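Read through the structure below, which is laid out as structure tokens, and then see the notes.
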Amino acid sequence: QVQLVESGGGLVQTGGSLRLSCAASGRTFSSYAMGWFRQAPGKEREFVAAISWSSRDTGYADSVKGRFSISRDNTKNTVYLQMNSLKPEDTAVYYCAAGRNPYYAGGDFRQYGYWGQGTQVTVSS
């Protein structure tokens, strides 16, 4: 079993930046692809970004491409989401997840078997 804990969320103004972190413990971190998802109040959970175990492959939702960047440091068992040029529509609870296939870097939430508790990101005007 792998346990995931997100951090780094908070309140930021439109156009600002935040960096989210997800620390993993339990099973070997490098054996998993990792993804970020988000869920706004009253809306379904949606894909944000993903990265394969070796960082060779990454994937992004169209809504964040060019603004967000996912990375990982397997020596620290941590995955990051750098968020720039934030917009109010980015307001959501952000979750990290560990994928069943270490080579996967897509947005199908069914491919992710382990989830963190989430961290709140609020973008104000």
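Between the amide H of Asn101 and those of Ala33, distances stay under 5 Å, these residues lying 5 or more places away or on another chain, with hydrogens modeled in the peptide plane.
Computed about its Cα centre, the charge dipole of the chain is approximately 180 debye, with only Lys, Arg, Asp and Glu carrying charge at their Cβ.
Of the two radii for the stretch 81-125, the radius of gyration is 1.05 times the Kirkwood radius, both from the alpha carbons; that is the Rg over Rh value. Derived from the Cα gyration tensor, the three semi-axes of the equivalent ellipsoid of the chain are 23, 14, 13 Å, largest first. Taking 28 Å as the straight-line reach from the Cα of Lys76, the lysines in range (excluding those fewer than 8 positions away in the same chain) are Lys65. The residues of the stretch 69-113 present an accessible area of 48 Å² per residue when probed at 1.4 Å with all protein chains retained. Rolling a 1.4 Å probe over the protein heavy atoms of the stretch 1-61, with every protein chain left in place, gives an accessible area that is 44 percent carbon and sulfur.
The values are calculated or read from the model by the stated rules, or taken from the named source; none is laboratory data. From a predicted model like this one, the values you see are computed outputs, not experimental measurements. Note that we place each Cβ from the backbone using ideal geometry, even for glycine, and neighbour counts take in every protein chain shown. We work out accessible area using only protein heavy atoms, side chains counted, and drop any ligands, DNA or RNA first. Shrake-Rupley method; radii C 1.70, N 1.55, O 1.52, S 1.80 Å.
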